[in-house]
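Peer 1: Please read through the structure below; I'll follow up with questions.
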Amino acid sequence: MALRYIVTYPHPALASHCEPVTEFDAALAQLADDILETMRAAPGVGITAAHIGILKRIFVLELTPGDVRTYVNPQLLDVSAQTMRHVEGSVSMPGFTEEVERPASVRLRFQDVTGQWHEEDASGFHAICIQHEVDQLDGIFWLKRLSRLRRDRLIRKWDKARA
C-alpha cells in the first residue's frame, strides 16, 4: 500500500469523466489498496481514483471500520423517488461541508477488483455515499449538487481559506 497525493478543488481531474477499468490485474488491486490507505489518512469514508488524479472508474467506501467495499465500473441501475438530505464534503475540499439532497435508495451494478459483476441495493447513508462517488467518476464534483447561491458562497469561503 502507498499513500497517494489527493488533488484539491478545483483540480481538472475533479471535473473529468473517468474511463472504464479494462485490466483486472495486480496493478488494479494495488490501486484499490492505495486508494483505501489514502482515504483513511485523509480521513474520509469514500474516495475515487479521480481524487488522486487517476481517471479510472473505481472507488472505495469504508462506512464502518473494517467493512471495505471496492466498486469498479459502477452503474446506477435505479434510484428511489424518495429523497433525503445529508451533509456532504470531499477529501479534495477538506473542512467544507453542505447539505445535499439525493435519492434515499439506489440499486447499483459494479465489478470487484477481479472483474466479477455484482448488484447491490443500498439505502440511507450508504446510498448517499455511492451516489456521491459515482457523481465524482462522472466528473460531477459534489458542489454541483448545491444551489448556485450556496455553491458560490462555499467556493468563496474555500478560496479565502486557501489564500
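The values are calculated or read from the model by the stated rules, or taken from the named source; none is laboratory data. Small disclaimer: the values here were computed from a predicted structure and weren't measured. Neighbour counts are summed over all protein chains in view; Cβ atoms, including those assigned to glycine, are modelled from backbone coordinates with ideal geometry.
Peer 1: Within the stretch 64-72, identify whether any single residue is buried (at least 17 other Cβ atoms within 10 Å of the Cβ), more than 24 Å from L3 (Cβ to Cβ) and in contact with a helix residue (DSSP H, G or I) (Cβ under 7 Å, 6 or more places away or on another chain), and answer yes or no.
Peer 2: no
Peer 1: Let me ask something else about it. Being assigned to a helix (DSSP H, G or I) and at pLDDT 95 or above is the requirement here; does D152 meet it?
Peer 2: yes
Peer 1: Give all pairs with beta carbons closer than 6 Å in which a residue from the stretch 13-33 that is surrounded by 13 or more Cβ atoms within 10 Å (Cβ to Cβ) meets a residue that is assigned to a loop (DSSP other than H, G, I, E, B) and of a type in the set (K, R); count only pairs at least 6 apart in sequence or on separate chains.
Peer 2: Pairs that qualify, where the first residue is surrounded by 13 or more Cβ atoms within 10 Å (Cβ to Cβ) and the partner is assigned to a loop (DSSP other than H, G, I, E, B) and of a type in the set (K, R), are C18/R57; V21/R57.
So that you can scan it fast, the table gives a plain yes or no per residue for (1) part of a strand (DSSP E or B); (2) touching a Ser or Thr at 6+ places or on another chain (Cβ under 8 Å); (3) modelled with pLDDT of 95 or more:
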{"position": "M39", "(1), (2), (3)": "no, no, yes"}
{"position": "P74", "(1), (2), (3)": "yes, no, yes"}
{"position": "E88", "(1), (2), (3)": "yes, yes, yes"}
{"position": "S92", "(1), (2), (3)": "no, yes, yes"}
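Peer 1: Mind telling me which of the residues A104, A26 ends up being touching a Gly at 6+ places or on another chain (Cβ under 8 Å), modelled with pLDDT of 95 or more and of a type in the set (A, V, I, L, M, F, W, C)? Spell out the reasoning first.
Peer 2: Working: A26 fails: touching a Gly at 6+ places or on another chain (Cβ under 8 Å).
Checking each option against the conditions leaves just A104.
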